[in-house]
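Each reported figure results from applying straightforward, stated rules to the coordinates on display, with no laboratory input. From a predicted model like this one, the values you see are computed outputs, not experimental measurements. Positions of Cβ are generated from backbone atoms using ideal geometry, with glycine treated the same way; all protein chains shown enter the neighbour counts.
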Amino acid sequence: MTRQDHIAPITAPHHGGGDKIEKLDSSTASPHADNTCDESVGDEKVQPALDAFGDETDAEVKYKTMHWWQASMVMVAENISLGILSLPAVLSTNGLVAGVLALIGIGLLCTYGGYVLWQFRMRHPEVANYTDIGQLLFGRIGREVFGAAFVIVGIFVMGSHLLTWTIALNTLSNHGTCTIVFGVVGIVVFTLLTIPRTLKKVSFLAIISFMSIMSAVLITIIALAVSPRASYDAMSATLHPSLPTAFNSMANVVFAYAGHLAWVSFISELRDPREFPKALLVQQSFMIIAYLVVSIVVYRYGGENVASPALSSASKTVAKVAWGVALPTIIIAGVIFAHVMAKYIFLRLFRDTPYLHSRGIVASGTWIGIGTTAWILAWVVSQSIPIFSDLLGFISALFGSWFGFIIPGYVWFVLNRGAWFRGSRNIALTFVNAAQITIGFVVFGLGLYSSGNSMATGSVGKVWTCADNSN
């Protein structure tokens, strides 16, 4: 373990040397006398000396600068971009009832999971990202496994944004050039916007991203309402798709809500981490309502053959307008996740060194190098799995199930060790978290089977091709 990888234990402020995050044991799992995890956690005072970024009073680059409302905008921009584009197709595949129940149920579970992760972060202020949670829970092996997963899911999410970028450019230009060329152009654009190193700067772009995707969706809804592709009778309350088809579709709902992997990093860059629940509540409330409204309305007017992404459901002319308006969110939302993933690698390299807060050649060059390399790898992914829904389904099954459901549920049991059945509230939460873990494993197993089956049966397009990939 190199010095760059060391971070201070929760038991004492950092003084250099061989300190690191240590695996939790029974003495550190719950610092409260009654070993419970309740609302009082939010009132605990965070010790600045223990967090990953340390004292930033005289630092060149200051990370802990976001207000809670800026965090909520970043969270909305991160989640509501690509996810919302696949949701109308979920209703057309599974029926109105199953689709609506999934949107509400998964949304509420993900909100609760984010709250549990915040509780854990308040107990352990040395946590800077999701991988640090892995180290606290499972030791060094946990850190490396979570770290590898963090990078892989980051690359895949970035790849899905590059894929959507090529779909948008093909739509706007009537396939003006080779799709691979559009991807290369995307590498340059996305890399340049990943250069800022603090989330506060990215938060201003998030406002543009939010306005972009909502305007694009509104354009599509109005166009479909004026010239609907289906009658009201085309809506089905219940449908009976095959198991692979149903779960491959439902996995997109998980993807639409699965921001947990980045949320821990957002908490670390808040001026006051105690305010994170406000950002979480604003973001999740808006998302659940927006997802329901957009999915139902587009399904109502788009019918059973609604496209995924949904922006292609309207006429070709309207689709071009919608894709043009959506370009900012396609770019910015991808940049947000790239930023979070790059920040993890940057911290692994430079934690506890002067380079972490430096604007010098070494620090800046390393940051740009990480971003460039990541976007090149993401481009490879976008060319290798060229179907939008299957890519999102694969990501959701492989990673969203663990980071969004299984780990948050397990974290609650760790925080409340010895008090699972102490009082009616904890008894209820014990069953809720057990159900959350179970749902996570179901999504993981059946989701992988469904997305793999979809790819194996030839329902995906050709890889590494210049052909038009727009609907």
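List 236, 209 from most exposed to least, where exposure is judged by having the fewest other Cβ atoms within 10 Å.
Numbers: 236 15, 209 27.
Fewest-to-most ranking of 236, 209: 236, 209.
The Cα trace of segment 65-456 gives Rg and Dmax of 20.3, 65 Å, the first to one decimal, the second as a whole number. Listed by Cβ neighbour count within 10 Å, with the fewest neighbours leading, 375, 464 appear as 464, 375. Over segment 395-471, the alpha carbon radius of gyration divided by the compact-protein estimate 2.2 N^0.38 Å works out to 1.64.
On the principal axes of its alpha-carbon atoms, segment 83-128 has extents of 45, 18, 9 Å, going from largest to smallest. Ordering 412-421, 425-434 by mean Cβ neighbour count within 10 Å, with the highest value first, yields 412-421, 425-434. Pairwise Cα distances in segment 157-211 exceed 12 Å for 70 percent of all pairs.
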